[in-house]
1. Ignoring ligands, DNA and RNA, please state the percent of accessible area on the range 100-218 from carbon and sulfur, probe 1.4 Å.
2. Pull up the cross-link candidates among the aspartates and glutamates for Lys58, meaning alpha carbon to alpha carbon under 19 Å and not fewer than 8 places away within one chain.
3. Identify all lysines with a Cα-Cα distance to Lys45 below 22 Å; exclude those on the same chain that are fewer than 8 residues away in sequence.
4. What base-10 log of the normalised intensity I(q)/I(0) is obtained for the chain from the Debye formula, alpha carbons as equal point scatterers, at q = 0.08, 0.11, 0.18 Å⁻¹?
5. Skipping prolines and chain starts, which residues have an amide H placed within reach, meaning under 5 Å, of the one on Tyr30, given they are 5 or more residues away or on another chain?
6. Which ³J(HN,Hα) values, rounded to whole Hz and listed in residue order, are derived for the range 201-218 from phi using the Karplus coefficients 6.51, -1.76 and 1.60 in 6.51 cos²θ - 1.76 cosθ + 1.60 with θ = phi - 60°, glycine and proline given as x?
7. With every protein chain left in place, what is the accessible area per residue of the range 152-218 in square angstrom, probe 1.4 Å?
8. If you filter the range 110-218 for GluC sites (Glu not before Pro), then keep DSSP loop positions with at most 10 other Cβ within 10 Å, what is left?
Amino acid sequence: MNSPKLPVLIAGILFFTSTHAAPAEREGSYRVIPLAELNAPEEVKQRYRAEIARDQAKVKRVSNGEIPSIAEMSASLPELVSSSAELHSQLRSPPTDLQPTLLGAAELIGMQPSGALDGAGYTGLTRFYRLEGIGIVEFKEDHFRTPGRTITVIAEMQNARVNDVHARLDRVADSQGRSRATLNWAGENKLYTLTATGEGDVQRKAKVLQQIAGAVRD
């Protein structure tokens, strides 16, 4: 008998699609649960417990080269969509308005549809900004209400708050002075990821991401 496929854990979030056919009207869901309530074999839970224990460090040290330089990132950025009409035609829902955030005044340097592709378009959008004093900030949004989709967050792996909801903050740095901060959280309909990469203090990057996230609305 084949073993059931297990969801993939990314930043304390489990992504998977329902294995049974869901009615067309049943929208996707997002939930936060304790690890003890996760429907998974004990060996899988043990693997997650080990990851939780490793995550106790506030800032992880990584090998040189793991964090790309600004030049490397700039060279691989997607092109900007030529018009708002073209962009809206590719997306399942309108993009989040970032004008009220710090990114509203930043330089938009890259953009591409992302997430899953269904009959109504892509479920998400990824935008890249150049933010002075921080580096390159990636803002990724993904509409999780797509029918049949389930996103589960393990409560013990959340270590921050955004607008009084659970969030996950990761900080890494290398010995060359490069650093990266990543913040994951969910609104009413979308899952968000903010990533700041560049030279300098990772704690400052983390604070800026939390300021941006606090001003984001679905």
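The values are calculated or read from the model by the stated rules, or taken from the named source; none is laboratory data. Note that the structure is predicted; figures quoted are calculated from it, not measured. Methodologically, a virtual Cβ is constructed for each residue, glycine included, from the backbone with ideal geometry; neighbour enumeration extends over all protein chains shown. Ligands, DNA and RNA are excluded from the accessible area calculation, which covers all protein heavy atoms including side chains. Shrake-Rupley method; radii C 1.70, N 1.55, O 1.52, S 1.80 Å.
1. 47 percent
2. Glu66, Glu156, Asp170, Asp174, Glu199, Asp201
3. Lys5
4. -0.31, -0.59, -1.43
5. Hits under the 5 Å cutoff: Ile151.
6. Karplus-based 3J(HN,Hα) across the range 201-218 equals 5, 6, 5, 5, 4, 4, 5, 5, 4, 5, 5, 4, 4, x, 9, 7, 10, 4 Hz.
7. 40 Å²
8. Those satisfying the criteria are Glu132, Glu188.
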